[in-house]
Amino acid sequence: MPTTTTPPDADDATRLLAAAAFVREHDSTALLRLLLPGLRGPRLRALADHCSFAHAAVLVFPPDQEALHDQLAACGLAADAPPTPSTVVRERLALRHGHDASGLDVAILRPPLHGPRGEPRVVEVFALTVPPGSDLAPIAAHERAAQHEAHLAFEVGSADPLVLDGLCALLARHGARPDGGGYNPHEDGTVLYFTAPAGSLTGYRRLELHVAGAHPDTLAAHLGEHPGEHPGTPGERPAQRHPHGPAEPHRQAETLLHLLTGAWTTQALTVFARLGLPDLLDTGTGTSAEALAHRVGAHPQSLATLLRYLVMLNVVAHHPDGFRLTGTGALLRTDAPGSMRPLALMYGGPFYRSFAELGHTVRTGQAAFDHLFGENHFDHFARDPELAELFDRAMAASSRMFEPIPAHPVLAAAGRAPDPGTVVDIAGGNGELLGHVLAAHPRLRGVLLERPHAVAAARRLLDTAGCGGRCTYLTGDFADVPSGADVYLLSRVLHDWSDERCREILRHVAGAMPAHADLLIVERVLPADGSTSLATAWDLHMMCNTGGRERRADHFARLLADAGLELVGGTPLPLDGTVLHARKAAVPAPARSDRRAPAAVGATAH
């Protein structure tokens, strides 16, 4: 019988190791059968279709954050993502022990692991900090013995309320009973806890459904289903209430403070990168603040303060010899693949300054960057070669978004065609995307259209990648899109411009496209349902810095139609990106007077 039940006196390390082993070993469908022994046939398949095993959870009690990270590392668990506050578990502990929730510092870390078939999973570690001599020691002792927060979690793939309500009903029908839950605003996720049926064979007494977003109606029904005390635990009350109770004003104030200090985080990361500290730190060994200060010419005490703040962000970590770099911080190294150092310098530099004038944009509708610098950001960067190079490197830092694009059916078909196909990357920056495509399809030829300095950078990058011999370089603007190619790429270009200018750009592209050609547009697409997305943040960024905007898919469809193109479909990409596929419409769009497209060719960072 599979089980991970640990003795009441088991230490935190033993619990962590047991949870990690469980996560690595169990298949989702088989685990659901063990959790709900009466569930079989179509209902089991239906549940498995909508729920995938995501993590096993354990509550531990470190004396401080440094000890927690050391313990995780000793257990082979790399916690390189920043910890987030746990609203739900903090409330459950407060209710169970009659303690003020504000005095419970509960964080969540999720060290990644893989399931038996390589599925990405995590161990969810709830950490209640219990300093030596703290009055929280009795709470820790009780929770270690009872293991109330140990549970298995399943991620719900659909946020459809009917699907979510149906899953809850199916679990209840097979013996699972509601056991609290809530909405975590720090992660924009809803959790629904259940006690497992009496015959469950896993050794875990609780299970969780996690679904992205807020679902107040489902949550209210779940929390009100079985009021009163938890069965089998006299005198204990689970967190069966909507998370808007007496403590909510305190949580709201805490949340707002975290939001208001976001500018501090940006500058801390930028200074960290600008000083070159990521290149001087190692992920395995530690270096003292004094030694680092000597090497970069900084004030030792001030640098130590910065590093302690970065520990809180999990960009660096404490080490017996000083500070070490985490996996997250390593992304800021100069030589890291897809280094994000240029982004840190750009977001903490020119774009940071322009965001200070966001109020001007909101009041007038005019780009704050233009107001601050007296010209649009393309012209401003073009006047400064170093800034222009930084901008192009910042664009390349988001190359993770590009990784799935070469496998797109349109490019795969062009790469297999009897006659070698041609791909045109319009405003292709330093050639990062085109390089991915040409490397994946050795028979394709490429054309890159860009500004002169960007063409020079692209030539160097593609030559280094061994693709330069298959690429032609053109300098010009959107009116110079070459005709006769098989695939055209517009990556993070349209969001720089107004609707009218987008129509002009798309009409130039459509005019160059043969009847058989395809257009792939890479953008962050605003979600139609208002759900959380990086596109919403970048919509603000574009408004402030270029006067552009992000758009919904139906908005793109209308712009394409106005240019005689039609939207065929869309495919999600990493970093909340989307690749939209368009072709020439069967019926041409009405003719319009053709104004020349904007003179600047380029795209905005990340």
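The values are calculated or read from the model by the stated rules, or taken from the named source; none is laboratory data. What you see is a predicted model; the values in this text were computed from it and never measured. We place every Cβ from the backbone using ideal geometry, glycine too, and count neighbours over all the protein chains shown. These accessible areas exclude ligands, DNA and RNA; they are computed on the full protein's heavy atoms, side chains included. Shrake-Rupley method; radii C 1.70, N 1.55, O 1.52, S 1.80 Å.
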Open item on the list: Using alpha carbons only, how many angstrom separate the centre of segment 62-85 from the centre of segment 292-333?
Closed with: 16
- [ ] Can you send over the solvent-accessible area of residue 200, 1.4 Å probe, protein chains only, in Å² to the nearest 10?
- [x] 30
- [ ] Convert each backbone phi in segment 402-413 into a coupling constant with the Karplus relation 6.51 cos²θ - 1.76 cosθ + 1.60 (shift: θ = phi - 60°), then list the ³J(HN,Hα) values in order as whole Hz, x for Gly and Pro.
- [x] 7, 3, x, 5, x, 7, 4, x, 4, 6, 4, 5
Task: segment 544-559 - phi-based ³J(HN,Hα) in whole Hz, Karplus 6.51/-1.76/1.60, Gly and Pro as x - done: 6, 9, 10, x, x, 6, 8, 9, 7, 4, 5, 5, 4, 4, 5, 4
Task: Accessible surface of the chain [probe 1.4 Å, protein heavy atoms]: carbon and sulfur percent - done: 57
Task: Cα-based helix-to-principal-axis angle, 452-464 vs the chain, degrees rounded to 10 - done: 60
Open item on the list: Based on alpha-carbon centroids, what's the gap between segment 505-564 and segment 398-467 in Å, whole number please?
Closed with: 20
- [ ] Sticking with the crude label model, points 7 Å out along Cα→Cβ, report the distance from residue 252 to residue 363 in nm, one decimal please.
- [x] 2.8
TODO: Let me have the 222 nm mean residue ellipticity of the chain computed from DSSP H runs of 4+ only, each contributing -39500 (n - 2.57), with the sum over all residues rounded to the nearest 500.
DONE: -12000 deg cm²/dmol
Task: Read-out log10 I(q)/I(0) by the Debye sum over Cα atoms at q = 0.08, 0.11 Å⁻¹, derived from the coordinates shown; its label in [x] -0.68, -1.03; [y] -0.69, -1.18; [z] -0.53, -1.01 - done: [y]
Task: Neighbourhood charge, 11 Å Cβ-Cβ cut-off, centred on residue 393 and excluding it, Lys, Arg +1 and Asp, Glu -1 - done: -3
TODO: Give me the angle, in degrees from 0 to 90, between the Cα long axis of helix 137-146 and the longest principal axis of the Cα atoms of the chain, rounded to the nearest 10.
DONE: 90
Open item on the list: Test of understanding: what is the full-extension gain from residue 407 to residue 440, defined as 0.36 nm times their sequence separation minus their Cα-Cα distance?
Closed with: 11.1 nm
TODO: Name the long-range amide H neighbours of residue 54: under 5 Å, sequence gap of 5 or more, or other chain; modelled H, no Pro or chain starts.
DONE: 153, 154, 155
Open item on the list: With the alpha-carbon atoms as the only input, what is the per residue convex hull volume for segment 290-331 in Å³?
Closed with: 68
- [ ] With +1 on each Lys and Arg Cβ and -1 on each Asp and Glu Cβ, and nothing else charged, work out how big the dipole of the chain is about its Cα centre, in Debye to the nearest 20.
- [x] 1100
Open item on the list: How much of the DSSP bridge set in the chain is antiparallel, in percent, rounded to the nearest 5?
Closed with: 60
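Using the heavy atoms of the protein chains and a 1.4 angstrom probe, tell me the accessible area per residue for the chain in square angstrom. All intermediate terms of the calculation are to be shown ahead of the outcome.
Working: 26020 Å² over 606 residues.
Per-residue accessible area for the chain comes out at 43 Å².
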Open item on the list: Using only the alpha-carbon atoms of segment 141-231 as identical scatterers, what base-10 log of I(q)/I(0) does the Debye formula give at q = 0.18, 0.19, 0.21, 0.23 Å⁻¹?
Closed with: -0.82, -0.91, -1.09, -1.27
Open item on the list: Between 0 and 90 degrees, rounded to the nearest ten: what's the tilt of helix 248-260 against the longest Cα principal axis of the chain?
Closed with: 30
Open item on the list: Could you work out the pair-distance distribution P(r) of segment 376-491 from its alpha-carbon pairs, with 5 angstrom bin width and percents rounded to whole numbers?
Closed with: 2, 12, 23, 25, 20, 11, 5, 2, 1
Open item on the list: Sequence gap at least 6, Cα distance under 8 Å: using those rules, report the relative contact order of the chain to the nearest whole percent.
Closed with: 9
